[in-house]
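S.K.: Have a look at this one.
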Amino acid sequence: MTAPLANERLLRKLLVFNLRPGRLCLDMVATKADWTGIGFERVATPERLALWLAAVRLPPLAAPPDTADLAAFHRLRDSVYRR
């Protein structure tokens with residue numbers, strides 16, 4: 001396996017949302033991966049936030065998420081993680 005292929009597979013694995021049905025708080029915390037030691041962010045863009053919101057079956061926002069929504073998501077997630 002070549003290094004670029006291995007890196008691509010790792011990236012695809014890291015981008016997968018690890019959902020636990022009925023556990024929205026755990027789904028949110030799991031969007032920040034640290035098990036690899038590299039601190040990978042699964043929701044790094046407003047578009048990824050929209051995908052996560054759909055994946056956890058939350059009602060759609062009135063408008064597509066923007067950078068302010070993304071920052072608010074990260075703040076909430078980080079505060080849940082610290083509890």
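S.K.: On a full-extension model of 0.36 nm per residue, what is the gain between Ala44 and Ala68, subtracting their alpha-carbon distance, rounded to one decimal in nm?
M.R.: Value of the extension gain: 7.4 nm.
S.K.: Same structure again: Stretched out fully, how many nm does the piece from Leu24 to Val80 gain, at 0.36 nm a residue minus the Cα gap?
M.R.: 19.1 nm
S.K.: If you don't mind, another one. Which value in nm describes the separation of the simple spin-label points at Ala55 and Val16, placed 7 Å from the Cα toward the beta carbon?
M.R.: 1.0
S.K.: First select every other residue whose beta carbon is under 15 angstrom from the beta carbon of Ala54; then total the charges, Lys and Arg +1, Asp and Glu -1.
M.R.: Net of charged neighbours comes to 0.
No lab work stands behind these numbers, since they all come straight from the coordinates. Every value quoted in this text rests on a predicted model; they were computed, and no experiment measured them. Counting neighbours? That spans all protein chains shown, and the Cβs are built from the backbone with ideal geometry, glycine included.
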